[in-house]
1. Within segment B:239-261, which residues are open to solvent by less than 10 Å² (accessible area, probe 1.4 Å), without any contact (Cβ under 8 Å) to a residue 40 or more places away in the chain and farther than 18 Å from residue B:274 by Cβ?
2. Is segment A:163-177 home to any residue that is open to solvent by less than 50 Å² (accessible area, probe 1.4 Å) and touching a Pro at 6+ places or on another chain (Cβ under 7 Å)?
3. Can you name the residue in segment A:107-131 that is over 23 Å from the mean Cα position of the chain (by Cα) and aliphatic (A, V, I, L, M) and is also farthest from residue A:162 (Cα to Cα) among such residues?
4. List, please: which pairs have Cβ atoms under 8 Å, are six or more places apart or on different chains, and start with a residue in segment A:141-152 that is free of Cβ contacts under 8 Å to residues at least 24 places away in the same chain and among the aliphatic types (A, V, I, L, M) and end with one that is open to solvent by 10 Å² or more (accessible area, probe 1.4 Å) and in a strand (DSSP E or B)?
5. Give segment B:309-326 a look and list any residue that's more than 7 Å from chain A (Cβ to nearest Cβ), more than 17 Å from residue B:150 (Cβ to Cβ) and open to solvent by 10 Å² or more (accessible area, probe 1.4 Å), or say none.
6. Within segment A:10-25, count every residue that is buried (at least 16 other Cβ atoms within 10 Å of the Cβ) and either at pLDDT below 95 or in a loop (DSSP other than H, G, I, E, B) (or both).
7. Just give me the residues in segment A:327-345 being farther than 19 Å from residue A:173 by Cα and either at pLDDT below 95 or within 10 Å of chain B (Cβ to nearest Cβ) (or both), in sequence order.
8. Suppose we keep only residues that are at the interface with chain B (Cβ under 7 Å from one of its Cβ atoms) and open to solvent by 10 Å² or more (accessible area, probe 1.4 Å) within segment A:282-300. Which one would you say is nearest to residue B:151 (Cα to Cα)?
There are 2 protein chains.
Amino acid sequence: MKKGCPYGTHRVIEPKNTLPQPAVKIDNTMEIYDNEILIDVQTLNIDSASFTQIKEEAKGKEEKIKEIMKNIVETRGKHQNPVTGSGGMLIGTVKEIGPALEGKVDLKVGDKIATLVSLSLTPLKIDEILAVRKDIDQVDIKGEAILFESGIYAVLPEDLPENLALSVLDVAGAPAQAAKLVKPGDNVLVIGGAGKSGMLCLYEARKRVGVNGKVICLGYSEESLERAKSADLADVYIKADATNAVEVLEKVKEATNGEMTDITINCVNVPNTEMPSILATKDDGLIYFFSMATNFTKAALGAEGVGKDTTMIMGNGYTKGHAEIALQIMRESKELRKIYEELYA
Amino acid sequence: MKKGCPYGTHRVIEPKNTLPQPAVKIDNTMEIYDNEILIDVQTLNIDSASFTQIKEEAKGKEEKIKEIMKNIVETRGKHQNPVTGSGGMLIGTVKEIGPALEGKVDLKVGDKIATLVSLSLTPLKIDEILAVRKDIDQVDIKGEAILFESGIYAVLPEDLPENLALSVLDVAGAPAQAAKLVKPGDNVLVIGGAGKSGMLCLYEARKRVGVNGKVICLGYSEESLERAKSADLADVYIKADATNAVEVLEKVKEATNGEMTDITINCVNVPNTEMPSILATKDDGLIYFFSMATNFTKAALGAEGVGKDTTMIMGNGYTKGHAEIALQIMRESKELRKIYEELYA
């Protein structure tokens, strides 16, 4: 059996010396290297931007959608949309585990898992497309995929519905980072706190700040704030435009009696929220940017422009134990589970 | 005397509810609020991108350059180039200090300072342009400027030439962050280590890692690496293309006996160096992105794609004591001072 690189560079066909994600073509031979996992695929969750593009190209016709998807995988060895560059994730059953992984993974053959690493770097073979669920970007297939040693995954829990688990796993990094960072006594602000990842962050933050801390939920719509209130996720709720630096500064100042926040977690997927995040946070505080709309230079130059010594961390969707932390919230909080089932599952 | 906001929002004319930097027009009346500092300006250091644009628009004619610059300041109340959006910094003498700053600043009237906050948010009035030094982007003027309470500055040292001090202050954030982060025993990699900010980072890192640590300089050209070697800045020198993930991974693996790095500091101003930085760093390591070419999503999705739990910090040009730390290097290291005087001063 051949020895593989942890990052899967051994499967890159072209261009040489790149990683599987930027590569244009990777080897999707379904014979594993010593550090790979073979998966019997059940469902592909195509990235929303990618699936929208495919549906448009196919003018909504199911047979054409199947043809485009098969064509992508035949050409590239992975389901990376050539227009959007994005992938998605998959659900399947473990079929074979490379011997070099023995004792390194908590998996056995037959386990049902979701891969939490993008399809844009995952070797995939589609034998047949069984069903296309156009409204939820899901496609059932007969086929196989390879998970690299560095690839992350979650074993699907038996006590939670599959779609609920998937919607939570999709944003699992955020609450796990909140759980790591928040300390007793902290003032914590979650910008976009009433959204999908924001609510999980509030929940984890509230568990940790204790009686001397304060958890603040900032949201844009009355409706979403009411929803967060119904699950009692925060101590204070602020309705504000997250892009308005002066408004956010004044309202957070009021909510914290002028102290400002120790930790600000930015979960709102709109541009131009860097400066409001910086101004809401104490000089020696910490900002966690989980929003993919974050602009690096706006944050870096913004902090310098107002002379703030704030630590600014770039959101990493992965941290150890993130899947377990996120799934556990659905077991602990009936209220959040109800909201998630209604909105996302 | 009127009370001012620390961030200078009291001087914003339009649009309302913005900060001075994004504002199109700010009030440049040279009568201070209670928390402002009035400066007699000697020299403007125009941002390089901005000055290049102005020179081109003026077709290199000095009188036209003066006219464009005066026009910008008359229209906006600050020297923010409407095409590039950027500013620069200034040197001048403290003329008046607002009473609310008493005991808060280490300044007295008559001190010569450099403002380390951008001209793009600094109220400025130009009475006369005295000299234009086209080759080094500097313009001597007769005029005044305002520093807000949150504005950062450095008192120019008497024992170092002005231009040397300025070139060091320009990148002062990087070595100060290195000084804060590096611990004894760390493996430290500086990508772009032979560049302007990189060399200062290496110097601070080397002071701190001790005999059990290792400082690695990664650079692109043989010439710049030789220069860094001449000042004995690192334990290991690597010649590599910082955008080539596989090459960086392999060479850093070799240099660290497979351990990889505890801290990677990215100082190289070219795109697509996020993934090489991530792969060079240990799972529980830390990456400090000081490069303004850093792409937020490439870093965030890149780390997730390879399942790395690495902490990624966005470079903040300001941290407490950064000017003193950077200037002190020029006093401590004859070799670095010589290199800086030759290249940048």
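1. none
2. The first filter runs over segment A:163-177 and keeps only residues open to solvent by less than 50 Å² (accessible area, probe 1.4 Å), leaving A:164-169, A:171-177.
So of that shortlist, the ones also touching a Pro at 6+ places or on another chain (Cβ under 7 Å) come out as A:165.
Within segment A:163-177, one or more residues are open to solvent by less than 50 Å² (accessible area, probe 1.4 Å) and touching a Pro at 6+ places or on another chain (Cβ under 7 Å).
3. If we filter segment A:107-131 for residues that are over 23 Å from the mean Cα position of the chain (by Cα), which is where we start, we get A:108-110, A:125-131.
Going one step further and asking which of them are aliphatic (A, V, I, L, M), we end up with A:109, A:126, A:129-131.
Working: A:109: 19, A:126: 22, A:129: 20, A:130: 19, A:131: 17 Å.
Only one residue tops the list, namely A:126.
4. The qualifying pairs do not exist here.
5. Passing the criteria: B:324, B:325.
6. 6
7. Those that are farther than 19 Å from residue A:173 by Cα and either at pLDDT below 95 or within 10 Å of chain B (Cβ to nearest Cβ) (or both): A:341, A:342, A:343.
8. Quick first cut of segment A:282-300, residues at the interface with chain B (Cβ under 7 Å from one of its Cβ atoms) only: A:292, A:294-297, A:299-300.
From what is left, the residues that are open to solvent by 10 Å² or more (accessible area, probe 1.4 Å) are A:292, A:294-295, A:297.
Numbers: A:292: 29, A:294: 24, A:295: 22, A:297: 18 Å.
By that ranking, first place goes to A:297.
The values are calculated or read from the model by the stated rules, or taken from the named source; none is laboratory data. Keep in mind that this is a model prediction, so the values were computed, not measured. Note that we place each Cβ from the backbone using ideal geometry, even for glycine, and neighbour counts take in every protein chain shown. When the accessible area is computed, the model is the full protein with side chains, heavy atoms only, and any ligands, DNA or RNA have been set aside. Shrake-Rupley method; radii C 1.70, N 1.55, O 1.52, S 1.80 Å.
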